[in-house]
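Notes follow the structure.
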Amino acid sequence: MPTSGDRRRPRAWLHWLSVIRLVNVSKSYKTSTRPALDKVNVEVGKGEFAFLIGPSGSGKSTFLKLLLKDEVPSSGDVFVGDTRVNRLPGRRVPQLRQTIGCVFQDFRLLQQKNVYENVAFALEVIGKREANIKQVVPEVLDMVGLAGKSHRLPHELSGGEQQRVAIARAFVNRPLLLLADEPTGNLDPETSGGIMLLLDKINRTGTTVLMATHDHEIVDSMRRRVVELQLGRLVRDEERGVYGVGR
Ligand SMILES: Nc1ncnc2c1ncn2[C@@H]1O[C@H](COP(=O)(O)OP(=O)(O)OP(=O)(O)O)[C@@H](O)[C@H]1O
């Protein structure tokens, strides 16, 4: 349901399913003088695509870490789907993380494994059957445009191709939520455009996408929801936003 102070236009709330919900969330690190997040309220629904923007130090990484329970809030509640993440016992954190795919600026592929094995590994560690793996890995590699490169090692791929492998790995288990932390940060504008088309394609399958970025061009060209943090505070939440207000 909409939170109070929501400045976006009203939606048809009837079929709204919340995937991310932060309720009055503050996070203070022990060694830091100001809170990294300060009474943040935000909700992202099933199938939405949202950019998380803000200057360096504004709290974007902290926001993502709270969703994964890499960090816990100092106060407030963090929900992913129906799960109250901040109350989740440690033994159930792996289960939470199975519902969240992650993509990073530096790809984080296993360098000794080829493309197929990198993606298959994500399923092996959660106990999927071999027959299932053999079926879904080629499907997802085809989806990301790497069907012919499944035997290549990461160092035999371009940066854009490596990011496609990382996206395939994050998506192969059909997560509820895909978190992308500066996924185009190491890529040139044209390659970045291809990665955005792919994230858009994934979003169209119903996966909620939250992407932290500093890339003005991408935010301005996509015209999707923009959630902006400054010094830990939510300062803007706008549908079809651009990077800078008034551009
Ligand atoms: N582990 C930590 N211990 C202490 N302070 C931290 C820690 N992690 C982050 N901070 C502080 O919290 C604030 C928010 O940091 P955060 O990394 O969430 O920002 P960010 O928006 O992701 O920045 P960037 O765009 O540079 O990645 C900053 O002031 C940072 O110095």
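The values are calculated or read from the model by the stated rules, or taken from the named source; none is laboratory data. Everything numeric here is computed off the predicted structure, so don't read it as measured data. Don't worry about glycine lacking a Cβ; one is built from the backbone with ideal geometry, like all the others, and counts go over all protein chains shown. All accessible areas refer to the heavy atoms of the entire protein, side chains included, with ligands and DNA or RNA removed. Shrake-Rupley method; radii C 1.70, N 1.55, O 1.52, S 1.80 Å.
Return the residues of segment 204-222 that are open to solvent by 10 Å² or more (accessible area, probe 1.4 Å), out of contact with any helix residue (DSSP H, G or I) (no Cβ under 9 Å at 6 or more places or on another chain) and within 26 Å of Q98 (Cα to Cα); say none if nothing qualifies.
Scanning segment 204-222 gives R204, G206.
Only residues that are over 18 Å from G101 (Cα atoms) and outside any helix (DSSP H, G or I): list them for segment 134-152, please.
Scanning segment 134-152 gives G145, L146, S150, H151, R152.
Please pick out the residue among R233, R240, R225 that is over 18 Å from C102 (Cβ atoms) and either free of Cβ contacts under 8 Å to residues at least 60 places away in the same chain or of a type in the set (S, T, Y) (or both).
R240 is the lone residue from the list that is over 18 Å from C102 (Cβ atoms) and either free of Cβ contacts under 8 Å to residues at least 60 places away in the same chain or of a type in the set (S, T, Y) (or both).
Identify, please: which residue in segment 145-194 is open to solvent by less than 10 Å² (accessible area, probe 1.4 Å) and farther than 20 Å from Y116 by Cβ and is, among those, nearest to the chain's Cα centre (by Cα)?
Looking at the filtered set, the residue picked out is L179.
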